[in-house]
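Read the structure below first, then the notes.
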Amino acid sequence: MSSSTIVVIGGGPAGLEAARGVAELGSRVVLVEKRDFLGGTPVAENYAGLTPHMEEAEPAMQRMAERVLSNPLAEVLLSHEVTSCEGEAGDFQLGVAGPDGERKIECGAVIVATGFQHFDPGRETQVYGYYEYPDVIALQDLEAMLKDGHVVRPSNGEAPERLCFIQCVGSRDRHIGNEYCSKVCCGVASKEAIEVRRHLPGCKVFIFYIDMRMYGYWESEIYWPAQEQHHVQYVKGIVTEVIQRGDKLLVRGEDTTMGRPMEIPMDIVVLSVGMEPSVGTRETAKLLGLRQNKYGFIEAASPPLDTVSTSREGILACGAALGPADLEDTISSAGAAAMKAVVLVRAEEPALAG
Amino acid sequence: MTIPVDELKRKKERFERDPETLPEDFHEQLFQLEEDGEWTIQRVPEPYVEVPTKYGRSKKVPMAHLWHHKSCGQCGHIPGYSTSIFWIMRKLGYEYEDPRDQTSCTAWNYYASATSNAAAQAAVAMRNFAAASESGYYPLIHCGTSYGHYKEVRAELLRHAELRREVRDVLATLGKPFVMPEEIVHYSEYLYAVRDQIAAQQVRDCSRVAVTVHPACHYYKLVEGDAIYDPDVYGGQRTAVVTAVAEALGAEVRTYSTWFDCCGFGFRHILVQRDFTRSFATQRKIEVMKEEANPDVVLTHDTGCVTTLDKSQFAAKAHERNVGVAVLSEAQFAALAMGAHPYKVCQLHWHSADYRPLLEKLGIDWEQAWAEFQESLKKLESGERQYLTWDDVDG
Amino acid sequence: MTASAYVKVEDVAGYADVPLEEKERLFEQVRSDPRFEDYLYGCYECGICVAACPSARFYDFSPRRVAQACAREDAELVYQQMQEDIWECSQCFSCLRCPRGNNPGGLITIMREVAVNNGLASAREALEGYSRIIYKIMSTGTQVSPDMLQPDAFPDWGPEVRDVSENLDLWRRALPPETHHTTSTGWDVSERTLVELYLIWLRTGALDMIKEVDEGLHMILQEVMEERLEEEGIEA
């Protein structure tokens, strides 16, 4: 029997936008979230300010959550996971399990919004010492410190005088197998660089990169201010080694502009880690029988003109579950997924429209 | 919700590899080619130990029935190195073959002068592997460069059908089978695998010895996935060989800021352009080690590295550089810890940098030991004995 | 002869400039080596190879420039590098940290083989004083034998070299491994093994490579090998 309910799997920004869209379009939506809170990675990883305008992440996610929670057509299931999926487009039976037990949800369409996880620097080809040195941290670690209002060297609790970012960690690498660019890290690192410079005006900030990729308005909103107002130093030449000497971290790379090897002491090294499919994305893809690309992300059926359909009819995906995405991409694809899902269920049940 | 720094440090305590991220295993193609009739794979014999490698794959290291693929540089001018490897294996009770039917891998010459080509290099490798398999023993590679080079040859043979064909034809004219070992095993991987057995036979106290480790480029940078990385050693972020053995013996392993740097051997440079080698060994390795770690001994696991770091110190001293530390292979160090004679087994008289302070720290009376060695030499000189034998050195 | 943008005048450079067609011919030999496509994907000029490279610290040498020259198929620049740069590489393969999977050290290996095969000036110069090593390895199957440790050959290795050379025979007999009682080779290599080695050099064309850089050495090696093969009754 067909159903006009839509299930959204994942309660991060993509899932929240998709669920809100579905509900405000007048269809019933059930949002299934594994964690016991909404907001996804920006909340779980304690992001400080969203790129590019540095709006505070947690309140922004809370506002998105509010709009879903307050809508009578939306049901939110926290601490729940999807355990099975049967049926076909228009007529799915989704098994979910939570603290109160299991139940089956009848739905006409499913939107997968299970997102990404940060690349684990332990797998990096270069030698960055993330697991050896307390002062080597990742982008999200710095976000947490910025949110806390204290950027310090984990080794001694003191404010850093020299801080650097190393780009492309875990991305664009044939050995690791992540041959793609993670899209957001140049912008995010530059944003964090600006935040650090504001927070600690005495701290020199460097960014070591292969290419600087801030597309569209991010160029003028982030890149130029970072250099011109905040004097962040951009060095074209990625780093190969981070190793301790005395109480500093030595960062080794080539300054390709000058054409010579460089070895520079730093207090904090921030690894700009890339995006990989989350455990939830990989598990959900397998459970729902969705084709994944060779990196494990859910494969969009026919980009660039259809970015949200998957290999299985009736199941859509949005946000970083499909691949590296910034928030603008995520919100846009969530809207597209909501629209397509609603169209699908209404086609099956025209009497229920409106 | 804020996160204190402690939470961050706790999160970074230990690297746990995600099993979903295992890369392709070359063994699949290795065995497929055997099925296709292109070559035979010599299986790792039992008993063997499984060791972890860089991307999480398990590697088999055989314990016994080993065919010692010797290093020309070791046997040529630091023979205590190879002697120690044999001595340890004898002490642990594993029988082995020391073949005459073995050529040098010839990679030193290849990397130095390029007076060879891919087919010749591959043929030399496969000829040695064939000799091992014909003897019924499994090859154990002594030199770091041989090991790295053979890994490279394996990758090329897997990749290029044409090269396989050419090399197979050359071997056929020699009447030799076309055999590839299941794993290419370096002796330092063997010592890693038996380090607990070595420690169980330890008789000399190493707890007062400070060690710096120099890992050989060719061991872990060539075909980088096929090298030992152990989550309990450097958190799995640096290769575990040598260090794990030193730690098992209770020595204090200290790090320094040029750990990943090449020693500067250069293959050609150390022979005909030594200012490069010497500068590198002194300024990027020995001086940094002395300044930052002040070791009693530098341990490494490759012929070229021992040679470079040991022999470069003399001229550097004349320039009043901060040098002067013993350089040994971990095999010689482990042998000393197990009670080996510093001259009859470890043959330290072939070394250049002063090793006597190290021997003192190990509680070895080197004057006495040298006198004993001189006694043995007298017997050889007089013709009373022809050679020093394994029986003489309690092997 | 047109003055190239890259190549210096002969008496400054130490090698002759050659016509573009010759440079392109040499580059084609490099590019058509079966390993070339394994060693060069694309290069996004990240500089990791240079950062890891020991030779880059000592010489004006850059594995990145080598990879770039090959990727750009710049025959002029590749020729210059074959004459000026490639012998500075220390073949450590630290450059294999390249995230694209390139192997600049491997490209240099190919370029060196081409330089040797074509008797380029840089190859001859780099291998000057190296011929006894080639002779040793090709004719005995071991390299740097004990009897090569002479104080005048290695004065900078310390006084122990003199001790070794003065006591060589005695000290070699004082080695427990039975195969180590040799002085002119690293270990005792069997006759049959040597024959197999010679056949490998001859049949893979490796011996012929020597002809371009050292004719005298080539002649000696060829004689030694053919004589031994004749003794065993084998066709070269």
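Things worth noting here:
- Percent of Cα-Cα distances greater than 44 Å, calculated over the protein assembly as shown: 40 percent
- Counted by Cβ distance under 9 Å from B:Met126, the other residues give a net charge of +3, where Lys and Arg count +1 and Asp and Glu count -1.
- Protein-only accessible surface order, largest first, of A:Ile166, C:Ile234 at 1.4 Å: C:Ile234, A:Ile166
- For A:Lys104, the accessible area of its heavy atoms, probed at 1.4 Å with every protein chain present, is near 120 square angstrom.
- Sequence-distant residues sharing a close amide H with B:Val327 (under 5 Å, placed H): B:Val298, B:Ala353
- Cα-based helix-to-principal-axis angle, C:215-231 vs chain C, degrees rounded to 10: 50 degrees
- Under 5 Å, built H, 5+ apart or other chain: amide partners of A:Ala159: A:Arg153
- Inter-centroid distance (Cα atoms) of the range B:197-238 relative to the range B:1-59, Å: 18 Å
- Cα centroid separation, the range C:167-236 to the range A:87-132: 64 Å.
- Database remark: amide H of B:Phe178 closer than 5 angstrom to the amide H of B:Thr40 (H placed geometrically; neighbours at sequence offset of 5 or more, or on other chains; Pro and chain starts carry no H).
- Helix A:327-348 vs. chain A, principal-axis angle (Cα, 0 to 90°, nearest 10): 10 degrees
- Rounded accessible area of C:Tyr39 (nearest 10 Å², 1.4 Å probe): 20 Å²
- Set of lysines near B:Lys379 by C-alpha distance (under 16 Å), chain-local residues within fewer than 8 positions excluded: B:Lys344
- Rel. contact order, % - alpha carbon contacts under 8 angstrom, at least six apart, chain A: 22 percent
- Residue among B:Thr212, B:Thr277, B:Thr255 with the largest mean-square fluctuation in a Gaussian network model of chain B, springs linking Cα atoms under 10 Å: B:Thr255
- GNM remark for chain A: springs join alpha carbons under 10 Å apart, and the peak mean-square fluctuation among A:Glu192, A:Glu102, A:Glu33 falls on A:Glu102.
- Residue by residue along C:146-159, Cβ atoms of other protein chains within 10 Å of the local Cβ number 4 on average.
- In the assembled protein chains, B:Phe260 presents an accessible area of approximately 10 Å² (probe radius 1.4 Å).
- Across B:Lys176, B:Lys379, B:Lys311, mean-square fluctuation computed from a Gaussian network of chain B (C-alpha pairs under 10 Å connected) peaks at B:Lys379.
- Accessible area in the full protein assembly, largest first, 1.4 Å probe, for A:Arg197, C:Arg31: C:Arg31, A:Arg197
- Compactness of chain A - radius of gyration and Dmax, Cα, Å: 21.7, 74
- Computed [θ] at 222 nm, helices only, for the protein assembly as shown once each DSSP H run of length n ≥ 4 contributes -39500 (n - 2.57): -11500 deg cm²/dmol
- The range A:179-258 and the range B:359-395: distance between their alpha carbon centers, rounded to Å: 61 Å
- HN-Hα J in Hz across the range A:18-23 - Karplus 6.51, -1.76, 1.60, θ = phi - 60°, x for Gly and Pro: 5, 5, 4, x, 4, 5
- Among A:Tyr47, B:Tyr343, the sequence by solvent-accessible area, most first, with a 1.4 Å probe is A:Tyr47, B:Tyr343.
- Apportionment of accessible area to carbon and sulfur, the range C:15-126, percent (1.4 Å): 46 percent
- Flagged links, alpha-carbon separation over 27 Å, of C:Lys136/C:Lys211; B:Lys91/B:Lys221; A:Lys34/A:Lys340: B:Lys91/B:Lys221
- Take every Cα pair under 8 Å whose residues are at least 6 apart in sequence, average their separation, divide by the length of chain B, and the relative contact order is 18 percent.
- If you take all other residues with their beta carbon under 12 Å from the beta carbon of B:Pro342, and give Lys and Arg +1 and Asp and Glu -1, the sum is -1.
- Radius 12 Å from Cβ of A:Gly246, net charge of other residues (Lys, Arg +1; Asp, Glu -1): -2
- Using a 1.4 angstrom probe on protein heavy atoms only, the contact between C and B buries about 7300 square angstrom of accessible area, both sides summed.
The values are calculated or read from the model by the stated rules, or taken from the named source; none is laboratory data. As the structure is a computational prediction, the values presented were derived from the model and not from experiment. All Cβ positions, even for glycine, are placed from backbone atoms using ideal geometry, and neighbour counts span all protein chains on display. The accessibility values were calculated without ligands, DNA or RNA, using every heavy atom of the protein model including side chains. Shrake-Rupley method; radii C 1.70, N 1.55, O 1.52, S 1.80 Å.
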